[in-house]
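What follows is a structure written as structure tokens; I'll ask about it next.
Readers should treat all values here as calculations from the given coordinates under stated rules, not as data from a laboratory. These numbers were taken from a predicted model, which means no experiment stands behind them. FYI the Cβ positions are ideal-geometry reconstructions off the backbone, even for glycines, and counts take in every protein chain you see.
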Ligand code: CAA
């Protein structure tokens, strides 16, 4: 029996954790209780030595149809401000292990933003993305304007934010928001997570950290940061093992340290 009411967790393959958003009656609307459980599960898997990659998914019909509108409709400014509404969504971006979003159906508003916080997005051909907040008299509050602008540029970010129109998986791929489209998106995400989990966990986490620096800094600083992390990896067992295994024409056995 699960300790969670709004999500399901499992370990479908060696080193891989799966988190399934599970509020089917609300199309996985991201209520506060759901988000607390998601954060708890992410932090637990991040601390779990047996897990080296994670996948977040929803249902066929909905990855997540946004923040929970019924929960937030009566909020006022002082309540939103004082309780730091949505600030706890940022925990996901502190997670060190890679997180893949497997998106089918609706990924709207906060659902789209949750997917964009993940490290890699795979989308089913049925996926429907969008930032429809403008239709509710607000704007995205979970990073939508910033993450779309950084990846897809100003014109697209403006169009999506100001019209609130939905966009397809094919558009998302063409903008670089999504890696690829798959008609068995969860299987493919789990296969990708299994591949990542088969690498040295310390190198994988270093690689994630280095790529993320590209969004926060200048190229010169980013290149320096990458090189420093690269140098640091020569202090790991897995660097010795990986390069020895290559020279000896055998498969590496990672200690993840
Ligand atoms: N919050 C709360 N409940 C939601 C919801 C949401 N975001 N999305 C869907 N639901 C509920 C519906 O109210 C409905 O509940 P009832 O059966 O109790 O009426 C149930 O889920 C099923 O939804 P529909 O009957 O609407 O299903 P549909 O197939 O006709 O339509 C949909 C699907 C087009 C996705 C439609 O549900 C919809 O437009 N949802 C809202 C999308 C949206 O505006 N998301 C942005 C939210 S704001 C946000 O996320 C802020 C932010 O930046 C963090």
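Quick check: the angle from helix 32-47's long axis to the longest principal axis of the chain, C-alpha only, nearest 10 degrees?
Orientation of helix 32-47: about 0 degrees from the principal axis.
Given Cα pairs under 8 Å that are at least 6 residues apart, what percent is the relative contact order of the chain?
Normalised by residue count, the contact order of the chain is 16 percent.
Please determine, in degrees from 0 to 90 and to the nearest 10, the orientation of helix 219-232 with respect to the longest principal axis defined by the Cα atoms of the chain, where the helix direction is its Cα long axis.
50 degrees
Dividing the convex hull volume of the Cα atoms of the range 90-157 by its residue count, what figure in Å³ per residue is obtained?
Cα-based convex hull of the range 90-157, divided per residue, equals 91 Å³.
A further question on this structure: For the range 88-128, restrict the atom set to alpha-carbon positions and state the Rg and Dmax in Å.
Over the range 88-128's Cα set, Rg and Dmax evaluate to 10.4, 30 Å.
Along each of the three principal axes of the Cα atoms of the chain, give the extent in whole Å, ordering the values from largest to smallest.
Ordered largest first, the chain gives principal extents of 63, 48, 39 Å.
Taking every Cα atom in the range 119-257, find the radius of gyration and the maximum pairwise distance Dmax, and write them in Å.
Taking only Cα atoms of the range 119-257, I get Rg and Dmax of 19.4, 63 Å.
How fast does the range 1-51 diffuse by Stokes-Einstein, in µm²/s, taking the Kirkwood radius from C-alpha pairs at 10 °C and 1.306 mPa s?
139 µm²/s
Taking only the alpha carbons of the range 50-147, what extent do you get along each of the three principal axes, in Å, biggest first?
For the range 50-147, the Cα extents along the three principal axes come out at 41, 30, 22 Å.
Mean shadow of the range 189-257, computed from the convex hull of its alpha carbons, in nm²?
5.5 nm²
Then there is this: What percent of all Cα-Cα pairs in the range 58-112 falls into each 10 Å bin, going from 0 up to the bin containing the maximum distance?
Here the calculated profile for the range 58-112 is 20, 41, 31, 9.
Among the DSSP beta bridges whose two residues both lie in the range 8-103, what percent are antiparallel, rounded to the nearest 5? Display every interim value, and only then the final one.
Numbers: 4 of 14 bridges.
So the antiparallel bridges in the range 8-103 amount to around 30 percent.
Right, something else. I'd like the orientation of helix 154-163 relative to the chain: the angle between its Cα long axis and the longest Cα principal axis, in ° from 0 to 90, rounded to 10.
Compared with the principal axis, the helix lies near 40 degrees.
How high is the relative contact order of the range 132-216, given as a whole-number percent (alpha carbon pairs under 8 Å, six or more residues apart)?
Across the range 132-216, relative contact order equals 23 percent.
Per-residue counts of other Cβ atoms within 10 Å, averaged by peptide: what ranking do you get for 97-109, 206-218, highest first? If you can, show how the numbers build up before the last one.
Details: 97-109: 26.1, 206-218: 14.2.
With the highest mean Cβ count within 10 Å placed first, the list reads 97-109, 206-218.
Also: Would you mind getting the Kirkwood hydrodynamic radius of the range 1-87 from its Cα pairs, rounded to one decimal in Å?
14.1 Å
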